[in-house]
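The structure appears right after this line, and notes come after that.
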Amino acid sequence: MKVAIYCRVSTTEQNVTQQVRYLREWCNDRDYTISRCVADTESGRLDLLDRKKFRHLLDNPGADAILVYKLDRLTRNWDDITLIEKYFRDNWDKCQLISAGEAVDLSNAAGRFNFRVLMALNCYMPEELVERQRLGIARAQKEGKYKGRPKGAKNKV
């Protein structure tokens, strides 16, 4: 099988090296041929259609499948789940979606259900994290323990 690898990280400070290395080995173990490797640094919260590299890959896959490390590397945007499912369902005979981390089969009802559940979890978790952070910040502000970041300050990780 010929695959196009799609790797994504959320910030320009991160890199895809680890994903690429893992997926190359994953393909090698299965005797898959890699047609190309696309590295993307645009946020998973950005609409898929607004991510130029991914959109170009969908328009010109040049492979039997698009391979991702995990489904959350595609998106964490609720609206994109339907777009991804529809694209691959409509094009399954030409180009499939493969995740090295999860079983994906959009050719049948059970596979689509599994995909929807996994993608829903991928979207839910970051949203819940933000809600918890907001609650914690509000509590800390009421207790006088949190004044907020100075304007222009960036998170240090």
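The values are calculated or read from the model by the stated rules, or taken from the named source; none is laboratory data. All of these numbers come straight from a predicted model, not from anything done at the bench. So basically every Cβ, Gly included, is an ideal-geometry build from the backbone, and we count neighbours across all protein chains shown.
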(request) For I137, work out the one condition from (1) more than 27 Å from L49 (Cβ to Cβ); (2) part of a loop (DSSP other than H, G, I, E, B) it doesn't fulfil. (result) (2)
(request) Read through the list (1) among the hydroxyl-bearing types (S, T, Y); (2) assigned to a loop (DSSP other than H, G, I, E, B); (3) at pLDDT below 85, then give the number of the only condition that Y124 fails. (result) (2)
(message) Need the failing condition index for A109 against (1) surrounded by 10 or more Cβ atoms within 10 Å (Cβ to Cβ); (2) more than 17 Å from the chain's Cα centre (by Cα), just the number.
(response) (1)
(request) Go through the range 119-142 and give me each residue that's over 27 Å from the mean Cα position of the chain (by Cα) and among the aliphatic types (A, V, I, L, M). (result) I137, A138, A140
(request) State all residues of the range 23-58 that are modelled with pLDDT under 85 and not polar (S, T, N, Q); if no residue qualifies, say none. (result) E42, G44, R45, L46, D47, L48, L49
(message) Within the range 70-112, take every residue that is within 17 Å of C123 (Cβ to Cβ) and among the hydroxyl-bearing types (S, T, Y) and give me the one that is modelled with the highest pLDDT.
(response) S99
(message) I'd like the full set of residues that are within 16 Å of the chain's Cα centre (by Cα) and more than 18 Å from V38 (Cβ to Cβ), limited to the range 87-103.
(response) E102, A103
